[in-house]
1. Using the structure shown, decide if R65 is open to solvent by 10 Å² or more (accessible area, probe 1.4 Å), more than 20 Å from the chain's Cα centre (by Cα) and either closer than 29 Å to W206 by Cα or hydrophobic (A, V, I, L, M, F, W, C) (or both).
2. What single numbered condition from (1) in contact with a helix residue (DSSP H, G or I) (Cβ under 8 Å, 6 or more places away or on another chain); (2) open to solvent by less than 40 Å² (accessible area, probe 1.4 Å); (3) within 21 Å of F564 (Cα to Cα) fails to hold for P318?
3. Would you be able to tell me the number of residues in the stretch 440-490 that are assigned to a loop (DSSP other than H, G, I, E, B), under 21 Å from A511 (Cβ atoms), open to solvent by 30 Å² or more (accessible area, probe 1.4 Å) and in contact with a helix residue (DSSP H, G or I) (Cβ under 8 Å, 6 or more places away or on another chain)?
4. Given the condition open to solvent by less than 70 Å² (accessible area, probe 1.4 Å), over 25 Å from the mean Cα position of the chain (by Cα) and among the small types (G, A, S), answer yes or no: does some residue in the stretch 363-377 qualify?
5. Assess whether A430 counts as being free of Cβ contacts under 8 Å to residues at least 12 places away in the same chain and among the hydrophobic types (A, V, I, L, M, F, W, C).
6. Tally up the residues in the stretch 541-567 that are of a type in the set (A, V, I, L, M, F, W, C), surrounded by fewer than 23 Cβ atoms within 10 Å (Cβ to Cβ) and either without any contact (Cβ under 8 Å) to a residue 40 or more places away in the chain or in contact with an Asp or Glu (Cβ under 9 Å, 6 or more places away or on another chain) (or both), please.
7. List the number of the failed condition for L44; all other conditions in (1) out of contact with any Asp or Glu (no Cβ under 7 Å at 6 or more places or on another chain); (2) buried (at least 20 other Cβ atoms within 10 Å of the Cβ); (3) within 27 Å of G273 (Cα to Cα); (4) of a type outside the set (D, E) hold.
Amino acid sequence: MALPIEDYALVGDTQAAALVGRDGSIDWLCLPRFDSPACFAALLGDERNGRWKLAPKGGVKRVERRYREDTLVLETDFHTEDGAVRIVDCMPPRGEAPDIVRLVQGLEGRVAVEMELILRFDYGHVVPWVRRHGKTLLAVAGPAAVRLDAPVRTRGENRTTRASFEVAKGDEVPFVLTWYRSHEREPAPVDAAVAVADTDGWWRDWINGCAYTDPLVRRSLLTLKALTYAPTGGIVAAATTSLPEKLGGVRNWDYRFCWVRDATLTLNALVNGGFIEEAGAWRDWLLRAVAGDPRDMQIMYGCAGERRLTELEIDWLPGYEGSSPVRIGNKASEQFQLDVYGELMDAMLHAREHGLHPDEHAWRLQEVVLDFLEGAWDQPDEGIWEVRGGRRHFVHSKVMAWVAFDAAATTIEKFETHGDADRWRRVCNAIHKQVCERGWDAERGTFTQSYGSQALDAALLLIPRMGFLPGDDPRVVGTIEAVERELVSEGFVMRYPSEDGDDGLPPGEGAFLPCSFWLVDALARIGRRDEALALYDRLAGLANDVGLFSEEYDSETKRLVGNFPQAFTHVALVNSAATL
């Protein structure tokens with residue numbers, strides 16, 4: 001059975017990532033990309049679905065772990081009756097092929113260690129053909145091949161590879177697992193100690209220019225970098241699929257893709273942190289991904305901008321703690337969501353304002369998008385939360401459509417770009433008027449989730465951040481207070497009341513952590529700074545022992561839930577830190 005979500009740490013090479021448990025087991029790994037089929041899928045089942053465990057053979061008294069400062073090199077110390085041993089895990093910067101390096105280091109005494117390697121390709125479904133050449137193991141199935149290089153002899157038992165050995169103080173035993181295409185030349189072996197040193201140096205060099213000193217903010221930026229697909233600049237929402245929003249529930253989605261709506265907030269987090277190059281790569285990925293007919297613009301794309309993200313259910317995996325179905329792909333990619341147009345236009349404006357080189361071709365694309373949006377903004381959509389219960393006139397969607405035209409007019413006025421700013425201002429005024437008339441509940445003194453609805457929506461907290469109304473506007477204050485009354489549970493913010501069933505799914509989910517950080521921003525913007533700081537500190541305390549957040553938090557079980565680590569949560573933390 002998989003560990004609690006908070007008991008995992010992330011290692012990655014900015015193209016793929018693995019989750020390493022406190023027990024020394026890698027329970028999730030997709031290669032060669034974030035969205036490739038998993039070769040270790042125990043996270044969504046059990047060890048029979050694939051894992052790689054390195055740990056002391058006997059009982060463990062205490063476990064301590066940490067990242068080496070400002071790196072993605074993970075150190076896990078196991079203390080036993082016989083001594084102490086450290087496992088060092090990392091994925092070095094991509095060379096010929098993706099590698100996972102694991103060093104077993106003796107710290108005290110003499111400790112018996114056992115390795116268990118269970119390779120299962122295609123999300124725990126395919127058992128590869130395994131053969132050994134001395135101390136090297138090769139596993140092949142279809143297009144995928146994996147090689148394990150180790151100085152200890154392995155043995156095969158019931159489709160599992162094991163090795164037993166002892167380490168004394170000062171000993172070091174290296175393991176390197178390399179993935180490659182079975183029909184291509186086998187990559188050269190990697191020196192494990194050199195690879196760890198190179199990985200350590202690479203991450204330290206990258207974070208060196210960071211504008212922040214707070215360790216949790218820096219860890220969040222490191223996590224965003226780890227979730228970046230380096231060849232294209234796209235940033236995936238999370239390294240996992242189908243970790244549930246409610247334990248035992250069905251709200252289990254594949255987040256190994258890149259969402260357009262994250263564009264502005266991610267761009268802000270990167271430029272505020274001093275990472276202009278990464279912000280530029282993200283902007284350029286965005287432009288390539290959305291290029292084409294604006295009617296075909298999607299809310300999410302693959303790492304390289306792929307459009308077809310067909311959703312499938314995998315019936316041979318039982319799901320995390322029985323939370324089924326397990327899904328790959330994401331049907332929400334086919335939805336119509338107005339807010340993504342606002343995110344695109346606002347991200348382009350922010351890119352210009354932060355000195356990223358302007359792109360004439362990009363502006364022509366933006367003009368085509370605006371022409372389409374001018375005739376589409378008053379249509380219902382599926383909204384920011386990707387509901388599967390039918391389209392509605394979501395207030396947040398309309399606000400973001402307003403943002404699109406406001407950003408366009410501002411770009412023309414501020415940067416003297418060709419275009420009709422007056423035309424876009426007229427559209428802005430029409431949207432603003434409609435939202436304030438049809439999306440406002442005068443009796444309760446709050447904006448609502450959609451026109452004619454009584455429900456609230458935490459996305460309304462973004463109204464002052466996006467400039468639709470100033471923070472001191474009574475309607476903004478009233479909306480924030482209404483969210484506090486109706487959507488805050490145990491001190492954390494829910495996205496919307498899921499129990500009404502309007503989203504087309506069974507009720508029940510955890511508190512959405514990005515929304516809770518949005519409340520931090522909103523409180524600060526209306527002058528309640530002390531409360532904003534207190535909430536920020538409380539949210540920061542939900543990070544696991546190595547500074548990672550998932551998508552949501554279950555206040556009843558006091559556990560992280562949802563996909564992990566969640567880029568949107570780390571983005572929200574960085575932006576709240578900047579606001580404060």
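The values are calculated or read from the model by the stated rules, or taken from the named source; none is laboratory data. Since we're looking at a predicted model, the values are computed, not measured. Here Cβ is always computed from backbone atoms with ideal geometry, including for glycine, and neighbour counts include all displayed protein chains. Only protein heavy atoms, including side chains, enter the accessible area calculation; ligands, DNA and RNA are left aside. Shrake-Rupley method; radii C 1.70, N 1.55, O 1.52, S 1.80 Å.
1. Working: open to solvent by 10 Å² or more (accessible area, probe 1.4 Å): yes; more than 20 Å from the chain's Cα centre (by Cα): yes; either closer than 29 Å to W206 by Cα or hydrophobic (A, V, I, L, M, F, W, C) (or both): yes.
In short, yes.
2. P318 satisfies every listed condition except (2).
3. Going through the stretch 440-490 one residue at a time, the tally reaches 1.
4. Within the stretch 363-377, one or more residues are open to solvent by less than 70 Å² (accessible area, probe 1.4 Å), over 25 Å from the mean Cα position of the chain (by Cα) and among the small types (G, A, S).
5. It is true that A430 is free of Cβ contacts under 8 Å to residues at least 12 places away in the same chain and among the hydrophobic types (A, V, I, L, M, F, W, C).
6. Looking only at the stretch 541-567, we keep the residues that are of a type in the set (A, V, I, L, M, F, W, C), and these are 542-543, 546, 548-549, 560-561, 564, 567.
After this cut, where a residue has to be surrounded by fewer than 23 Cβ atoms within 10 Å (Cβ to Cβ) as well, the list is 542-543, 546.
Filter again for either without any contact (Cβ under 8 Å) to a residue 40 or more places away in the chain or in contact with an Asp or Glu (Cβ under 9 Å, 6 or more places away or on another chain) (or both), leaving 542-543.
Within the stretch 541-567, residues that are of a type in the set (A, V, I, L, M, F, W, C), surrounded by fewer than 23 Cβ atoms within 10 Å (Cβ to Cβ) and either without any contact (Cβ under 8 Å) to a residue 40 or more places away in the chain or in contact with an Asp or Glu (Cβ under 9 Å, 6 or more places away or on another chain) (or both) number 2.
7. (3)
Yes or no, residue by residue, for (1) in contact with a Phe, Trp or Tyr (Cβ under 8 Å, 6 or more places away or on another chain); (2) among the polar types (S, T, N, Q); (3) in contact (Cβ under 8 Å) with a residue 12 or more places away in the chain:
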| site | (1), (2), (3) |
| --- | --- |
| G209 | yes, no, yes |
| Y212 | no, no, yes |
| V217 | no, no, yes |
| K225 | yes, no, yes |
| T232 | yes, yes, yes |
| Y255 | no, no, yes |
